[in-house]
Amino acid sequence: MFKAIIIGGTGATGRQLLNQLMQNQNCELVTSIGRKPVLDGAKNDKLVDIVVESLANLSSTEKIWEGNDVFFNCIGTTRQRAGGAKEFIHIEAGISNEAAKMASNANIHHASLVSAKGANHTTWAKDWIHPLLYMRTMGQKEQTILSNFSFNHVSIFKPGMLIRLQGKQTWFESFSESKGFGLRVDTLASAMIRNAEQVKLGSVEKSPQFFIGNDDIQSS
C-alpha cells in the first residue's frame, strides 16, 4: 500500500492519474493540492482535496505532505494559457520547484514527474521562440527533482504528443491515435502508477529513471 500526493490534478494527465489512484487497491490515500477542487463537489473516501489560493508558496500545507510515499508532479500549462513567457516559466519551473521542496522536506522517498521528450535545461532559448523556451523550461522542471532537491527515487516521464481526452478529440488527435504515435493521457497515468507500485515494492533499483518517448512509456 502507498500514499500519494499530486499537484496538477485538474489537468489532462493529472485528472486521469487521480481517478486511477482512487480506484487502485494498492493506493491507500491520495492528496491533491491545487487552486481548484478536483472533483467539483463530489467526495471520495480515499481523496484529500486541498484548495489553496496560490501554489507559489506552499508553506501553509507543510503538514499535509508528511506521511506520503510518492509525489506526482502533473502540473502543466501553455504559454498562451499562462499569459506569457514569464508566467509560463513561473508555473512550470517555479511552482514545480516549490512543490519539490515541500516533498523533499517531508521526506517523501519517490518523486514522479511529467516532462516532455527533448526537454533539456541547458537548451539555448529566447522567450519569443516558444519551442526552445518550452524545452528549456521542461528541463528546468526536471531539475527540481533531479538536482534542486533530494529524493531516494526519481522517475521522469518524457512523452511525445499526448491525446488529452478532454472533450471532443481534434482531427489531429484522432489521426495520431489511429496511427499509433499519439499517447493517451490515461495510458501515461497508468504507467506512472505502475512505476510507483514497483518502487514501493523495492523492485526498482535504478534512479533516476527516464521514460523517453511514447513507445518507451507504453512498454514500461
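We did not get these values from a lab; they are worked out from the coordinates using the rules stated. Everything numeric here is computed off the predicted structure, so don't read it as measured data. Here the Cβ positions follow ideal geometry from the backbone for every residue, glycine too, while neighbour counts run over all protein chains shown.
Set the Förster distance to 25 Å, then compute FRET efficiency between S59 and S220 from the Cβ-Cβ distance, nearest 0.05.
E between S59 and S220, to the nearest 0.05, is 0.15.
Bin width 5 Å, origin at 0, all Cα-Cα pairs of region 61-220: what percent of pairs per bin?
2, 9, 17, 19, 21, 17, 10, 5, 1, 0
Zone of M161 (label point 7 Å along Cα→Cβ, backbone N under 13 Å): which residues in region 186-216?
214
Once the piece of chain linking E66 and H109 is laid out straight, how much longer is it, given 0.36 nm per residue of separation minus the C-alpha distance between them?
14.4 nm
My understanding is that a pair violates if its Cα-Cα distance is over 26 Å; which of K141/K206; K43/K141; K101/K206; K63/K86; K63/K158 do that in this structure?
Check vs 26 Å cut-off fails for K43/K141; K63/K86; K63/K158.
How large is the translational diffusion coefficient of region 16-120 in µm² per second when you combine the Kirkwood radius over alpha carbon pairs with Stokes-Einstein at 4 °C and 1.567 mPa s?
D, rounded to a whole number, is 87 µm²/s.
In whole Hz, with x marking every Gly and Pro, tabulate ³J(HN,Hα) for region 85-99 from phi via Karplus 6.51 cos²θ - 1.76 cosθ + 1.60, θ = phi - 60°.
5, 4, 5, 4, 5, 4, 6, 5, 9, x, 5, 4, 5, 4, 5
Any chance you could check the Cα centroid distance between region 1-79 and region 133-161 for me, in angstrom?
19
What is the sum of charges around G213, taking Lys and Arg as +1, Asp and Glu as -1, for the other residues whose C-beta is under 11 Å from the C-beta of G213?
0
Near the amide H of Q209, under 5 Å away, which other amide H atoms are found, from residues 5 or more places off or on another chain, if H is placed in the peptide plane?
V154, S155, I156
When you count, for each residue, the other Cβ atoms within 10 Å and take the mean per peptide, how do 120-129, 82-91 rank with the highest first?
Per-residue mean Cβ counts within 10 Å order the peptides as 82-91, 120-129.
Measure off 7 Å from each Cα along the Cα-to-Cβ vector at H130 and V51, then give the distance between these two points in nanometres to one decimal.
Distance between label points: 3.0 nm.
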